[in-house]
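What follows is a set of notes on a single structure, which appears directly below.
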């Protein structure tokens, strides 16, 4: 994984007839940052999923806002 570019990666693939998924994150991320980005990805997918039955989509992209530091 290119940690300079990719912060969080989620993939689904086939392995010996099984469908498996993998979640990876940059080693530079804290647990809180990883959870935040994963939550934001899930929110985006859930917004997108409402229409998935209406269209045949193979790709979805969205913007994740920078995590705000609570000072």
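The values are calculated or read from the model by the stated rules, or taken from the named source; none is laboratory data. Keep in mind that what you see is a predicted model, and the values were worked out from it rather than measured. Here the Cβ is made from the backbone with ideal geometry for all residues, glycine too, and neighbour counts use every protein chain on show.
Checking each residue in the stretch 39-64 for being under 22 Å from residue 29 (Cα atoms) and at pLDDT 75 or above picks out 39, 40, 41, 42, 43, 44, 45.
Regarding residue 28, is this residue at pLDDT 85 or above and either out of contact with any strand residue (DSSP E or B) (no Cβ under 8 Å at 6 or more places or on another chain) or assigned to a loop (DSSP other than H, G, I, E, B) (or both)? Walk me through how you get there before you give the answer.
Values: at pLDDT 85 or above: yes; either out of contact with any strand residue (DSSP E or B) (no Cβ under 8 Å at 6 or more places or on another chain) or assigned to a loop (DSSP other than H, G, I, E, B) (or both): yes.
Yes; evaluated as a whole, the condition is true for this residue.
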